[in-house]
Amino acid sequence: MQSHLERSWPADLPKATALRLVRDGEALLRADATGAGRGRWPTVFGTAQAGAGAGAFSRLRIQGAIARRDGSSRQAVVHLVWAGADPGGSYAENRVTDLYFTRTSTKGHSVWTPQPLR
């Protein structure tokens with residue numbers, strides 16, 4: 001799955017930036033899908049949801065992930081392909097989620113901020 005993603009969308013971000021965005025995207029997906037770690041993302045989940053209980057999915061596994069520009073150098077999207085069990089216990093693979101990030105600068109350092117989930 002990973003090699004297919006990489007072949008389908010040629011890299012257009014610096015490697016270190018892409019790796020950081022993928023790492024953050026994977027953590028954000030886990031927080032959304034399982035409920036664990038939502039406090040790290042108050043701009044996405046809000047303060048009321050940050051401490052929310054378990055999410056709907058379990059046994060989550062990332063099958064592939066890439067980060068690419070999303071129209072400009074200040075926008076990026078993390079494409080994730082994953083598998084997991086839904087609340088009914090049905091396990092499905094090849095679920096697709098796109099997470100969006102915007103780059104801002106703080107004291108001369110670039111910061112990628114996740115956008116609210118669509």
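Just a few scattered comments:
- Check on Asp32, over 13 Å from the mean Cα position of the chain (by Cα), touching a residue at least 40 places away in the same chain (Cβ under 8 Å) and either buried (at least 16 other Cβ atoms within 10 Å of the Cβ) or not in a strand (DSSP E or B) (or both): no
- Taken over segment 54-103, the residue count meeting the criterion of being closer than 23 Å to Gly39 by Cα, touching a residue at least 24 places away in the same chain (Cβ under 8 Å) and exposed (fewer than 13 other Cβ atoms within 10 Å of the Cβ) is 2.
- Condition check for Leu21: touching a residue at least 40 places away in the same chain (Cβ under 8 Å), surrounded by 16 or more Cβ atoms within 10 Å (Cβ to Cβ) and part of a helix (DSSP H, G or I): yes
- Residues located in segment 61-89, provided they are among the small types (Gly, Ala, Ser) and under 18 Å from Leu28 (Cα atoms): Gly64, Ala65, Ala67, Ala76, Ala83, Gly84, Ala85
Bear in mind that the values in this text are calculations on the coordinates, not laboratory data. Quantities reported herein were computed from a predicted structural model and do not represent experimental measurements. A quick note on method: Cβ atoms are made from the backbone with ideal geometry, for glycine too, and the neighbour counts reach across all protein chains shown.
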